[in-house]
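Engineer: Quick one: the structure is below, and I'll ask about it shortly.
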Amino acid sequence: MSYTIFHNLLIERTPLEVFNAVSQPHHLNNWWTLKSSGTPRLGETYNLNFTDDYNWFCKVSHVEAHKSIHFKMTRSDADWEPTTFGFDLEDHDKGTYLRFSHANWKMTNDHFKIASYCWAMLLNGLKNYLEKGIIIPFESRS
């Protein structure tokens, strides 16, 4: 058995703008990572650097331009290692409906629960980044 984190939210921006914000490193660095690299193409490797101790890697496991991107963790914390997280986007009359998932957690331990909370906070940061241009300094992100 495995477990999944789900979060859905409306972002008042186009699917292209949201897709770019969840797939292009210079945008990821404005709401999630300290520094990152990667290209939104199937099989490409992303480096997600949060600190020297949390320098993680993942591969693009699914991508559909401006609609969806999913990442399979390849080197990370042991709890994250088997997981895949993704962003599915739907056009909405007020912008883009984002459906986020983080799947294949082995257990609902404290790390799972903390990750769910952190994703909610980070996705709110993504929304504020896109809608209001707010960039929360990395040190202040959850």
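The values are calculated or read from the model by the stated rules, or taken from the named source; none is laboratory data. Source: prediction; values computed, not measured. In this analysis, Cβ positions are derived from the backbone assuming ideal geometry, glycine residues included, and neighbour counts consider all displayed protein chains. With ligands, DNA and RNA removed, areas are computed over all heavy atoms of the protein, side chains included. Shrake-Rupley method; radii C 1.70, N 1.55, O 1.52, S 1.80 Å.
Engineer: Only residues that are at pLDDT 95 or above and among the acidic types (Asp, Glu): list them for the stretch 1-52, please.
Structural biologist: Glu12, Glu17, Glu44
Engineer: Taking the stretch 1-26, which residues are over 18 Å from Cys118 (Cα atoms), touching a helix residue (DSSP H, G or I) at 6+ places or on another chain (Cβ under 7 Å) and not β-branched (Val, Ile, Thr)?
Structural biologist: Glu12, Arg13, Glu17, Asn20
Engineer: Within the group Leu122, Leu89, which residue is in contact with a His (Cβ under 8 Å, 6 or more places away or on another chain) and closer than 16 Å to Val18 by Cα?
Structural biologist: Leu89
Engineer: Now a separate question. Among the numbered criteria (1) among the polar types (S, T, N, Q); (2) touching a strand residue (DSSP E or B) at 6+ places or on another chain (Cβ under 6 Å); (3) within 20 Å of Gly133 (Cβ to Cβ), which one does Asn30 miss?
Structural biologist: (2)
Engineer: Related question: Keeping to the stretch 64-78, report how many residues are more than 20 Å from Leu130 (Cα to Cα), modelled with pLDDT of 95 or more and either in contact with a helix residue (DSSP H, G or I) (Cβ under 8 Å, 6 or more places away or on another chain) or charged (D, E, K, R) (or both).
Structural biologist: So the count comes out to 3.
Engineer: Return yes or no: is Met73 touching a Ser or Thr at 6+ places or on another chain (Cβ under 8 Å) and hydrophobic (A, V, I, L, M, F, W, C)?
Structural biologist: yes
Engineer: List every residue pair whose Cβ atoms sit under 7 Å apart, with the two residues 6 or more apart in sequence or on different chains, where the first one lies in the stretch 23-47 and is within 12 Å of Pro137 (Cα to Cα) and the second, anywhere, is open to solvent by 40 Å² or more (accessible area, probe 1.4 Å) and in a strand (DSSP E or B).
Structural biologist: Short answer, once both residue conditions are applied: Asn29/Lys35.
Engineer: Where residues in the stretch 28-38 are assigned to a loop (DSSP other than H, G, I, E, B) and in contact with a Ser or Thr (Cβ under 8 Å, 6 or more places away or on another chain), which of them is least open to solvent (accessible area, probe 1.4 Å)?
Structural biologist: Here the answer is Gly38.
Engineer: Here are Ser61, Ser76, Ser101: which of them is under 14 Å from Leu9 (Cα atoms) and hydroxyl-bearing (Ser, Thr, Tyr)?
Structural biologist: Checking each option against the conditions leaves just Ser101.
Engineer: If you don't mind, another one. Enumerate the strands (runs of 3 or more DSSP E) found wholly within the stretch 39-112, keeping only those where 2 or more residues are among the small types (Gly, Ala, Ser), touching a strand residue (DSSP E or B) at 6+ places or on another chain (Cβ under 6 Å) and open to solvent by less than 40 Å² (accessible area, probe 1.4 Å).
Structural biologist: 95-105
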